[in-house]
Amino acid sequence: MTDKLPISNDLLIRLAGKPAFNRGMDYYTGGHVLGFKQKGNMNTADVEGTEIYRVTLKWTSRQLDGTCDCPASDGFDFCKHCVAVTLTLRETQDDCSTRINRTQCAPPVSTFY
């Protein structure tokens, strides 16, 4: 069983900075996160921007690490693409049992082997 990572907007702003957080939120809300997959406490996804970039997240209940193959992530690991994938992760961690309208719950996460 995987831990649940408490993901707040403040955490993402600390990791990526406000401008990258805002762009990542735009990518997330615009549906640019593709092929989100989870294996234990690791997630991968592609994010479609100017090009398609690969993001890998590794996390525990206390720590979040993200890497991306975009040029902006060179030497600075947590970019706007990492933000978009982390927001997708946060969506999948929502507890549907506490929602009144369960049709708004995230679809199940695909698992890769």
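The values are calculated or read from the model by the stated rules, or taken from the named source; none is laboratory data. What you see is a predicted model, and the numbers here were worked out from it, not measured in a lab. Heads up, the Cβs are rebuilt from the backbone with ideal geometry, glycines too, and the neighbour counts pull from every protein chain shown.
Within the range 38-60, can one find any residue that is closer than 14 Å to residue 7 by Cα, part of a helix (DSSP H, G or I), in contact with a strand residue (DSSP E or B) (Cβ under 8 Å, 6 or more places away or on another chain) and at pLDDT 90 or above?
No: zero hits.
Take the range 73-91 and flag every residue that is surrounded by 15 or more Cβ atoms within 10 Å (Cβ to Cβ), at pLDDT below 90 and more than 11 Å from residue 24 (Cβ to Cβ).
Listed by number, the list holds a single entry, 73.
Among the residues of the range 42-68 satisfying the criterion of being exposed (fewer than 15 other Cβ atoms within 10 Å of the Cβ) and either in contact (Cβ under 8 Å) with a residue 40 or more places away in the chain or not aliphatic (A, V, I, L, M) (or both), which is nearest to residue 26 (Cα to Cα)?
Out of the qualifying residues, it is 50.
State whether one or more residues within the range 62-73 are part of a loop (DSSP other than H, G, I, E, B), in contact with a strand residue (DSSP E or B) (Cβ under 8 Å, 6 or more places away or on another chain) and more than 13 Å from residue 87 (Cα to Cα).
Within the range 62-73 (the criterion being part of a loop (DSSP other than H, G, I, E, B), in contact with a strand residue (DSSP E or B) (Cβ under 8 Å, 6 or more places away or on another chain) and more than 13 Å from residue 87 (Cα to Cα)), the answer is yes, since at least one residue qualifies.
Take residue 10 and tell me if it is at pLDDT below 90, exposed (fewer than 11 other Cβ atoms within 10 Å of the Cβ) and not polar (S, T, N, Q).
The answer is no for residue 10.
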